[in-house]
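To start, the structure itself, in structure tokens.
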Amino acid sequence: MNRKNIHIRLSEAKSSTGSIKDLDIKIGKIKGEQWEEKEGPTPFPDHTALRNWDRMLLTRYKPLYIPFCDLCCLCTYGKCDLSGGKRGACGIGMEAQQSRIVLLAACIGAATHISHGRHLVDHLIEKMGRRTPIDVGGSNVDVEAPMIRLVCGIKPKTLGDLETVLDYLESQVTELLAAAHTGQESDPLDFESKVFHAGMLDHVGLELADMAQISAFNLPKADPDAALVELGLGTIDAEKPVILVIGHNVPPAIDIIQYSRKHNLSGKIEVTGICCTAIDLTRFDPNAKIVGPISWQLRYIRSGVPDLIVVDEQCVRADLLIEAGNIQAPLIATSSKNCAGLVDRTDDDPDDIVRDLVSGVVPGVLILNPLKVGEVAVRAALESHEIRKTKKTSIIPTAEELIEYAKRCGGCMECTRACPNETPLPEAMKQAATGDLSFLADIYDTCIGCGRCDDACNKEIPIHSSLVAAAREKVLNEKHFVRAGRGAIQDIEIREVGGPIVLGEIPGVIAFVGCANFPNGASEVAEMAREFAKRRYIAVATGCSAMAIGMYRNEDGQTPYEEFHGRFDAGGIVNVGSCVSNAHISGAAIKIASIFAKRNLRGNYEEIADYVYNRVGAVGVAWGAMSQKAAAIAAGFWRLGIPVIVGPHGAKYRRMLLGRKDHDEDWYVFDSRTGEKVQVGPVPEHLFVTAETKEEAMVLIAKLCMRPNDTSRGRSMKLTHYIDLYKRLYGIMPDDLHLFIRSPADIPITMKEELLPILQERGLKDRIIPDPTLLKSQIRTQMGGRS
């Protein structure tokens with residue numbers, strides 16, 4: 001129930017049991033909610049509550065629309081041509097239509113995470129009870145739910161407290177979807193504001209889900225020294241029965257582990273995973289194996305190694321039942337959101353289910369009880385393994401078969417046109433036909449595993465399987481490490497780095513997040529993370545990007561997780577966990593404002609976002625962003641004023657949020673000490689931007705970490721990295737340095753002699769360093785003074 005509605009009903013009732021505030025708190029306690037009793041009740045914000053803040057950002061970072069097509073096809077008026085300034089039959093224009101599509105994508109992403117949170121919380125309450133305490137870090141984490149406190153104004157203490165938050169999130173997503181109906185919202189910026197709202201809701205849902213599973217399953221609790229876990233196809237012992245779990249909802253996979261332990265089978269079977277279920281499973285049991293990110297599904301299944309496949313929800317290929325059948329492996333679906341057309345066997349006897357799966361009477365089953373999944377999966381995998389080990393189950397061609405396939409290739413280029421990365425497959429096939437497989441093996445490294453090349457080939461060549469075959473030796477030896485997801489950032493870590501980050505002495509926090517739609521392979525993410533960790537930035541990671549960082553070894557044979565520490569401190573590479581763990585990254589920025597700057601969190605989103613935007617040098621990098629979930633995660637960062645960089649495929653999200661660095665009027669802030677307007681330059685220059693290459697991305701990262709609050713020492717350090725990267729990667733000096741240097745004190749000391757004459761020629765004038773804010777409400781003279 002909406003907290004605002006509770007308040008209205010109490011006011012109307014005029015009860016004699018006490019004041020309105022007292023009644024409100026009592027209702028909260030009856031429902032199991034833990035309301036912070038400061039400054040009275042705060043209604044949960046609706047989708048217009050932060051509209052002014054959103055439009056302030058959107059005026060500075062104007063949407064640049066990149067239409068996929070010129071048509072709107074959402075209703076039966078259409079198709080409507082919106083090109084050339086034309087409007088649809090409902091009156092909508094091209095910009096509003098593109099914003100509407102972005103809103104729909106963000107709503108899908110937010111709904112996915114919120115639905116996951118609901119599913120998880122309901123399951124855990126049924127299993128463990130509403131009063132199960134929330135604990136994400138013990139005494140190391142006092143501010144344990146920064147997003148929920150900030151948005152909802154409550155401090156959840158038990159699983160039951162999360163139900164009220166879920167009610168709010170679900171109602172708001174419904175409101176946002178309603179706005180996308182034909183004949184509703186019409187203004188592009190109001191659509192964009194709703195996108196920001198969807199992103200904020202998404203981060204609340206992310207935080208809620210990870211808090212619940214950390215508390216219930218005793219996952220690492222803000223542990224900077226979380227265990228190193230194995231990653232890669234080469235870590236799997238195919239001589240044992242092998243279970244593959246795919247998706248994002250970990251309870252069924254955990255019940256597989258628990259059933260194995262209970263029956264003394266832990267060392268006798270291999271439990272392996274792809275995508276975020278794999279990350280969360282290794283947080284629960286470091287002996288589980290991560291195969292890889294979402295893009296590893298086809299290559300691993302076609303290898304024939306898995307004896308049984310278990311899928312839950314999110315990022316699961318829609319053709320896995322077909323692929324599992326091709327290797328004679330049974331499949332178990334475990335989520336109502338991904339039934340795969342299978343018969344629901346939840347209430348059937350496990351003996352009957354196992355018999356039908358192993359015999360091949362059915363290709364798969366739907367089981368919605370995680371406990372039963374645990375039993376059926378283990379038993380079926382044991383029996384399936386005994387049957388399959390006498391058969392040829394791999395559909396990866398041999399080297400000889402591959403050469404024969406390559407000879408079929410007619411060089412029609414259909415596979416290259418179908419490939420998102422336009423890889424030169426015909427050229428590699430021509431070389432493979434001579435017996436040289438090296439070019440195909442190189443393409444394997446950059447393949448994102450979509451399989452579109454298979455369908456495009458008119459010669460029926462299994463191209464994706466051929467890539468895996470060409471790289472067979474590499475595949476069999478893929479053995480890496482990734483640090484298990486640590487969860488939240490400790491309060492003491494925030495206290496230690498808050499000052500250096502805000503003052504600019506730690507140059508920035510770089511969040512590597514998102515999917516595996518990488519333009520040139522996973523190694524680029526690892527290279528970027530390693531580059532900035534060496535420069536004493538803080539690198540944090542989640543999901544597929546966290547796995548990608550582990551798929552790289554330095555000259556000493558170490559993965560980045562072995563080379564760098566896991567603390568939230570300068571020079572660290574920090575894996576916080578799966579996709580739902582992204583909330584710990586935005587939460588860390590919020591906690592800097594709360595713990596270091598002593599700003600009030602409760603229902604105080606606008607002030608905290610203003611603080612983060614002006615002072616916390618954080619940048620998100622979603623180098624392989626693919627899904628609607630990634631769009632929602634990015635939108636949650638935007639509303640906090642944190643820029644996000646995406647790879648070249650990110651342009652397909654249909655719009656960027658770009659600043660105009662030469663428009664001085666866009667870059668004013670208020671000095672909260674005096675109320676004076678101060679020109680601070682384009683810091684950060686963009687809110688959402690695509691980069692074509694990792695080199696361009698690295699330069700942008702260094703630039704977008706600059707903030708109005710940087711001290712001269714901090715700005716000097718940030719400029720040093722920006723200039724050094726620019727010169728090393730582009731071979732020239734940046735042409736926009738004059739926009740970021742406010743006085744000679746900002747110039748890196750080793751470059752003063754070189755830069756000062758150039759800057760003076762451009763008319764360098766000293767500018768003050770303000771106590772920056774975009775909000776008039778934060779000007780001290782209007783606040784009656786603020787410490």
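What follows draws every value from the coordinates through simple rules; no lab data is involved. Predicted, not measured: the structure shown is a model, and the values here were computed from it. For neighbour counting, all protein chains shown are included, and Cβ atoms are generated from backbone atoms with ideal geometry for every residue, glycine included.
At a threshold of 8 angstrom on Cα-Cα distance, excluding pairs fewer than six apart, so keeping six or more, what relative contact order does the range 233-388 reach in percent?
In percent, rounded to a whole number, it is 28.
What lysines could a cross-link reach from residue 430, if we take a straight Cα to Cα line under 29 Å and drop same-chain neighbours fewer than 8 places away?
392, 407, 459, 474
Lys and Arg at +1, Asp and Glu at -1: add these up for the other residues within a Cβ distance under 12 Å of residue 492 and post the number.
Cβ neighbours under 12 Å give a net charge of -2.
List, in the order given, every pair from 268/337; 194/703; 262/372 whose Cα-Cα distance in the structure shown is over 22 Å.
268/337; 194/703
Per-residue ellipticity at 222 nm for the chain, helices alone: DSSP H runs ≥ 4 residues times -39500 (n - 2.57), over residue total, nearest 500 deg cm²/dmol?
Here the helix-only value at 222 nm equals -13500 deg cm²/dmol.
Arranged by the count of other C-beta atoms within 10 angstrom, fewest first, what order do 586, 83 take?
Going from sparsest to densest Cβ surroundings: 83, 586.
Please enumerate, by chain and number, the aspartates and glutamates with C-alpha under 15 Å from the C-alpha of residue 718, excluding those fewer than 8 residues away in the same chain.
Cα-Cα hits under 15 Å: 505, 531, 685, 710, 736, 746.
Based only on other Cβ atoms within 10 Å, what is the fewest-to-most ordering of 387, 269, 749, 779?
749, 387, 779, 269
Given H placed on each backbone N at 1.01 Å, which residues far from residue 310 in sequence or on other chains put an amide H within less than 5 Å of it?
Answer set, sorted by chain and number: 244, 245, 246, 332.
Can you work out the FRET efficiency for the pair residue 677 and residue 756, with r the C-beta to C-beta distance and R0 = 30 Å, to the nearest 0.05?
So the FRET efficiency works out to roughly 0.65.
Between residue 237 and residue 413, how high is the FRET efficiency from 1/(1 + (r/R0)^6) when r is the Cβ-Cβ distance and R₀ = 56 Å? Nearest 0.05.
Calculated transfer efficiency: 0.85.
For residue 127, give me every one of the aspartates and glutamates with a C-alpha distance below 18 angstrom, ignoring sequence neighbours fewer than eight places off in its own chain.
Hits, sequence-local ones excluded: 135, 161, 163, 210, 255, 347, 375.
Could you calculate the contour length gain from residue 70 to residue 458, that is, 0.36 nm times the residue separation minus the distance between their Cα atoms, to one decimal place in nm?
136.6 nm
Mind checking the full-extension length gain between residue 730 and residue 362? Use 0.36 nm per residue of separation minus the Cα-Cα distance, one decimal, nm.
This chain segment gains 126.7 nm when fully extended.
Give the long-range amide H neighbours of residue 773: residues separated by 5 or more places, or on another chain, with amide H under 5 Å away, using H modelled in the peptide plane at 1.01 Å from N.
When sequence neighbours closer than 5 places are left aside, the close amide H contacts are 670, 672.
Over 32 Å between Cα atoms: which of 391/479; 157/694; 391/629; 155/479 fall into that group?
As for pairs spanning more than 32 Å Cα to Cα, those are 157/694; 391/629; 155/479.
Enumerate the calculated ³J(HN,Hα) couplings along the range 556-573 in order (Karplus 6.51 cos²θ - 1.76 cosθ + 1.60, θ = phi - 60°), each rounded to whole Hz, writing x wherever the residue is Gly or Pro.
9, x, 9, 7, x, 6, 7, 6, 10, 6, x, 7, 7, 7, 3, x, x, 10
Could you tell me the relative contact order of the range 671-762? Use alpha-carbon pairs under 8 Å, at least six residues apart, and round to a whole percent.
The value is 26 percent.
Which GluC sites (Glu not before Pro) from the range 221-293 combine a DSSP loop assignment with at most 13 other Cβ atoms within 10 Å?
When the GluC sites (Glu not before Pro) of the range 221-293 are filtered for loop state and at most 13 Cβ neighbours within 10 Å, 239 remain.
Work out, step by step, the length gained on full extension between residue 59 and residue 401: first 0.36 nm times the residue separation, then minus their alpha carbon distance; give nm to one decimal.
Answer, rounded to one decimal: 117.2 nm.
Let me understand the range 189-235 better: what is its radius of gyration from the alpha carbons, and its Dmax, in angstrom?
In Å, with Rg to one decimal and Dmax whole: 17.0, 50.
Give me the net charge for the shell around residue 249: Cβ to Cβ below 10 angstrom, other residues only, Lys and Arg +1, Asp and Glu -1.
Local charge sum for residue 249: -2.
For the range 399-461, what does the relative contact order come out to in percent, with C-alpha contacts under 8 Å and a separation of six or more?
39
As an exercise, identify the GluC sites (Glu not before Pro) in the range 453-536 lying in DSSP coil whose Cβ has no more than 13 other Cβ atoms within 10 Å.
Those satisfying the criteria are 460.
Neighbour counts of other C-beta atoms within 10 Å: give me 385, 584 arranged from fewest to most. Please list the in-between numbers first.
Numbers: 385 22, 584 31.
Exposure proxy ranking, most exposed first: 385, 584.
For the pairs 221/652; 661/752; 752/776, flag any whose C-alpha to C-alpha distance is greater than 26 Å.
As for pairs spanning more than 26 Å Cα to Cα, those are 221/652; 752/776.
Modelled label-to-label distance, residue 765 and residue 264, 7 Å Cα→beta-carbon offset: nm?
For residue 765 paired with residue 264, the spin-label model returns 8.3 nm.
Report, in whole Å, the centroid distance computed from the Cα atoms of the range 542-594 and the range 601-658.
Here the two parts' Cα centres lie 18 Å apart.
Give the separation of the Cα centroids, the range 153-224 to the range 287-359, in Å.
29
Taking the Cα atoms of the range 481-732, report the difference between the largest and smallest coordinate on each principal axis, in whole Å and largest first.
54, 40, 36
Pop a pseudo-label 7 angstrom from the Cα along the beta-carbon direction at both residue 387 and residue 430 and give the gap in nm to one decimal.
Each label point lies 7 Å from its Cα, and together they span 4.7 nm.
If I model a spin label at residue 569 and residue 135 as a point 7 Å from the Cα along the Cα→Cβ vector, what separation in nanometres do I get?
2.6
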